[in-house]
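Below is one structure, written out as structure tokens; the observations come after it.
The values are calculated or read from the model by the stated rules, or taken from the named source; none is laboratory data. From a predicted model like this one, the values you see are computed outputs, not experimental measurements. Backbone-built Cβ (ideal geometry, glycine too); neighbour counts: all protein chains shown. Side chains are part of the model used for accessible areas, which takes the heavy atoms of the whole protein and leaves out ligands, DNA and RNA. Shrake-Rupley method; radii C 1.70, N 1.55, O 1.52, S 1.80 Å.
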Amino acid sequence: VHDKFEELDYPYDVLWLDIEHTDGKRYFTWDDNLFPNPEKMQSKLWSQGRRMVTIIDPHIKRDNNYYVHKQATSSGVYIKDSKGKKDYDGWCWPGSSSYLDFTSERVRNWWADQFSYDRYKGSTPSLFTWNDMNEPSVFNGPEVSMQKDLLNLNGEEHREWHNLYGMLFHRATGEGQIKRS
């Protein structure tokens, strides 16, 4: 894309990559076929005064072969069902997904750690983040969001913290960007 923009003399400042840049809609990963060397690509853009932004959403693909989901499950950082027993399972871009409880400082710290260069392989200081779907969006939920009676890790219903969720997601991502530096 970059080389074609250069050839056609299209002005641009930032390349934005949506979820299709990932390995199977797993955030903090790259599709190795499309992006065999993401560090080199980011370096080239940076050297020419351009930037790259990748998407991140607050839901995590429920896939036991996906390291982020496995760590999130074992760390107990997901929103719970209305009984507080099971990790909530909603539907979004990756399909079956669980949603992180950003109302918890422990979860926000866990999320921030995901941005470290040793965890987010292929990321560099010149990679920026687009937070999306933080309403939180749930395709199979009422009003395309979470049910109001889902519980955070403190046992408080979603209806109590719905309007805080997106802000806390942004906060945790911003802290991750700072922490990795």
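Okay, here's what the table says:
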read-out	value
Whole-percent carbon and sulfur share, accessible surface of segment 1-72, 1.4 Å	47
Max mean-square fluctuation residue, GNM over the chain, Cα-Cα springs under 10 Å, options D118, D18, D31	D118
Mean Cα-pair separation over length for segment 11-125, i.e. relative contact order, pairs under 8 Å, 6 or more apart, %	26
DSSP beta bridge pairing in the chain, given as percent antiparallel to the nearest 5	55
Theoretical FRET efficiency, 1/(1+(r/R0)^6), r = Cβ-Cβ of N33 and N109, R0 41 Å, to 0.05	0.75
Per-residue [θ]222 nm for the chain (sum of -39500 (n - 2.57) over DSSP H runs n ≥ 4, rounded to 500)	-9500 deg cm²/dmol
Where segment 16-173 is the region considered: accessible area per residue in Å², 1.4 Å probe	48
